[in-house]
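Down below is the structure, laid out as structure tokens.
The values are calculated or read from the model by the stated rules, or taken from the named source; none is laboratory data. Please read these numbers as outputs of a predicted model, since none were measured by experiment. Neighbour counts are summed over all protein chains in view; Cβ atoms, including those assigned to glycine, are modelled from backbone coordinates with ideal geometry. The protein model used for the area step is the full one, side chains on, heavy atoms only, and it has no ligands, DNA or RNA in it. Shrake-Rupley method; radii C 1.70, N 1.55, O 1.52, S 1.80 Å.
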Amino acid sequence: MKSRNIILAALLTAMPSAMTAQENIQKAFDALRKSKNQQEVSSRYNVEKNPETGQMEGMSDVYDFTIPNPQDKQLITAIRDAFRQDEPKAYSISTGTQGGASNYTSLAVGHSNGGGVAIGLMEGSQYIYACFLDPSDPDKKHRYAYALEWVENRKSISGRIVKTYATTPKFRQGPSTLRSSIVVKGNKAYVNGQEFSFGNGFSFDGSSVFSSDSTSFHMQGSSESWLSQFNTYKNLFLKYPDGTAANYYATYIYKLCKKSDSLDDAEKNMVADELGKLKGKTKDEFIQELFDMSIERLKK
């Protein structure tokens, strides 16, 4: 009986550690969201459940933010420290620098290799992400992934925190056709067969190539992919035509127009017309100039 009690005590002692493998990261994420020293740019939440059992099969929680005062960098430092604290319990952890639109990593969501959440798309960014097996899954088929990406400059810090739930790579299927809901600042939208990213220079679509949590991918250089990205950011700008978010969307559109070689003349003319319409939706002179420069880039 004594030995049985010792074994039971050992199991009970081990359980909190197993159930909170990423406890420090989650606490640091929550602290950033609640901090008055940061501002929300956009957020989205998506969950997929088995319709028969109600069991969660996929989830993504994405929060894009800006820290107006670079001196408040402790919010970023706290999350990085949390990753270091939880690292021994992760089965995969990766870091990167000098992010950009041509090379990024996707964190899968649910059972599919299609869609996901992009990490590493912000120009000049630093990022870190880690994957943890779901302790409540006895078959070890599912995992949680946590990620932080940020860019610093003299005036502010822009970034994103991400949490996703998915099967591990060897258990995933092809592109998903599930109907998913997303929420951006309280506005819900539905996307079929695609995932779009909202916020600080992140964008990808169904024609992008990604399939695992630990591999970087290059975006396909097709005109369809280019136009899909442009349309995503155009619609986001129209939804938020003023403020910090508008500046991010306009800047990314400008970056797209600097690399528009995949478009033919008819497509460039169509985009230029759309840019003229976007220019009329803002009173910000800097953004208006960005759209003018974007049009000029299309002509080269």
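Specify whether the C-alpha gyration tensor of the range 35-93 places it in the rounded, prolate or oblate class, a ≥ b ≥ c being the square roots of the eigenvalues: rounded for a/c under 1.5, otherwise prolate if a/b is larger than b/c and oblate if not. Here the range 35-93 falls in the oblate category.
So, by mean Cβ neighbours within 10 angstrom, what's the order for 282-289, 244-251 with the highest one leading?
My ranking of the peptides, most packed first, is 244-251, 282-289.
Taking all protein chains together, His142, His111 sort by accessible area into His111, His142, largest first [probe 1.4 Å]. Count Lys and Arg as plus one, Asp and Glu as minus one, and take only other residues whose Cβ is under 15 Å from that of Asn269; the net charge is then -1.
A cut-off under 14 angstrom between Cβ atoms defines the neighbours of Ala250, and their net charge, with Lys, Arg +1 and Asp, Glu -1, is +3. Protection proxy ranking for 260-268, 231-239, using the average of other Cβ atoms within 10 Å per residue and placing the highest first: 231-239, 260-268.
Structure shown: which of Lys163/Lys258; Lys234/Lys268; Lys234/Lys283; Lys27/Lys239; Lys36/Lys234; Lys89/Lys140 lie over 24 Å apart, alpha-carbon to alpha-carbon? Cα-Cα > 24 Å for Lys163/Lys258; Lys27/Lys239; Lys36/Lys234; rest within. What is the distance in Å between the Cα centroid of the range 236-295 and that of the range 118-158? Computed from Cα coordinates, the inter-centre distance equals 29 Å. The peptide list 290-297, 124-131, put in order of mean Cβ contacts within 10 Å with the highest first, becomes 124-131, 290-297. Under 5 Å from the amide H of His142 lie the amide H atoms of Asp134, Thr168, each residue being 5 or more positions distant or on a separate chain, with H modelled from the backbone and absent for Pro and chain starts.
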